[in-house]
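Report on one structure; see the data block that follows.
The values are calculated or read from the model by the stated rules, or taken from the named source; none is laboratory data. Note that this is a predicted model, so its numbers are computed, not measured. When we count neighbours, we look across all protein chains shown, and the Cβ atoms used for this are built from the backbone with ideal geometry, even at glycine.
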Amino acid sequence: MTTNPPDAQPLSSRSGHTPGLTISDLARRTGLTPATLRTWESRHGFPRPKRLDSGHRRYDERDVTLVQQVLRRRDAGVRLEVAISEAAADEGVPAASVFAVLRRRHPHVQPQTLRKSTLLALSWAMEDECCARAQRPLLFGAFQHARFFGHSAKRWAELARTAEETTVFADLGDAGNATPVAGVRMVDLPREAPLRREWVLVCDAADYPACLAAWELPGQDGVADRERLFEAVWTLEPRAVRDAARTCAELADRLDPAHVGAHAEDLAGTPGEASSDLRHATSLFGRLVAYVDSLAGR
């Protein structure tokens with residue numbers, strides 16, 4: 001009879017121990033060897049496992065995501081120690097900005113300076129496609145202020161009708177417009193939250209991933225509402241969308257712990273890489289959006 005080494009035994013055979021992934025599980029999920037993971041831990045303090053009373057290492061899905069992030073950054077030409085430093089920072093400080101996460105983890109997604117009128121059109125197009133095509137998506141939106149969400153409440157009620165879960169972030173007390181919408185989890189943004197300056201739309205679905213994140217440029221007090229400028233990034237790449245969705249889900253649960261969402265299992269896996277055709281199409285459409293925005297300003 002063959003027995004497994006202690007660190008590779010099935011969790012079901014270790015009743016009383018904390019569930020989690022063994023170092024062999026983590027190695028298999030990331031394509032590394034246990035020896036490499038141990039070397040990274042001894043040299044860089046990463047990844048940081050939980051230790052059982054027996055001394056065996058245990059990891060979770062977040063560790064899988066962070067190691068995969070390091071590998072992507074390394075493959076993109078970033079030095080290993082820099083990639084690990086970035087991932088360790090992500091591990092220690094919960095993300096509060098979707099825009100920052102996309103720029104840091106997916107630097108090839110280039111930002112564009114767009115007017116609010118262009119962002120509205122791009123958001124409506126994404127929402128319409130999500131409503132028409134996505135099968136039970138996880139949907140997230142950030143509207144800065146409740147009054148802005150009020151203008152889109154009917155659209156989001158329809159989106160929520162076919163979504164697996166729908167979450168909206170806003171300053172809910174700013175204008176008394178925090179009217180509940182059926183099927184929508186409303187999360188209040190505190191005054192210091194970076195997301196209060198961001199415009200976010202995330203549709204995480206296997207058949208239609210899409211996300212848009214933008215932050216409002218400062219110094220626009222006298223600018224007409226639809227002419228306000230935002231620095232925006234958007235993408236249809238599944239992994240970037242998943243990172244944005246995870247950031248939103250973690251932030252929502254942190255700000256609204258009394259109503260924790262049921263999204264953990266849906267966001268556990270890591271989608272495949274985007275095809276070159278998808279990246280080319282995204283790049284082409286990005287140029288189109290830039291030209292449309294430029295012509296709108298004339």
Here are the criteria: (1) within 16 Å of THR247 (Cα to Cα); (2) buried (at least 20 other Cβ atoms within 10 Å of the Cβ). Tell me which single one LEU119 does not satisfy. (1)
With criteria (1) among the acidic types (Asp, Glu); (2) in contact (Cβ under 8 Å) with a residue 60 or more places away in the chain; (3) touching a strand residue (DSSP E or B) at 6+ places or on another chain (Cβ under 7 Å), GLU61 comes up short on (3)
What tally of residues in segment 25-60 results from selecting those that are charged (D, E, K, R) and touching a Gly at 6+ places or on another chain (Cβ under 8 Å)? 3
Could you please find all residues in segment 40-64 being charged (D, E, K, R) and assigned to a strand (DSSP E or B)? LYS50, ARG51, ARG57, ARG58
Being within 27 Å of VAL292 (Cβ to Cβ) and not in a helix (DSSP H, G or I): is that true of LEU119 here? no
Quick one: VAL184 ticks every box in (1) free of Cβ contacts under 8 Å to residues at least 40 places away in the same chain; (2) more than 12 Å from the chain's Cα centre (by Cα); (3) under 24 Å from LEU114 (Cβ atoms) except a single one, so which number is it? (3)
Return the residue satisfying two criteria in turn: it lies in segment 125-138 and is out of contact with any Asp or Glu (no Cβ under 7 Å at 6 or more places or on another chain) and in contact (Cβ under 8 Å) with a residue 24 or more places away in the chain, and of such residues it is surrounded by the fewest Cβ atoms within 10 Å (Cβ to Cβ). GLU129
Members of segment 33-86 that are among the hydroxyl-bearing types (Ser, Thr, Tyr) and surrounded by fewer than 18 Cβ atoms within 10 Å (Cβ to Cβ): THR33, THR36, THR39, SER42, SER54, SER85
Of all strands (runs of 3 or more DSSP E) fully inside segment 136-242, the set with 3 or more residues that are assigned by TED's automatic domain parsing to the domain that holds GLN112, modelled with pLDDT of 90 or more and farther than 25 Å from ARG105 by Cα is 184-188
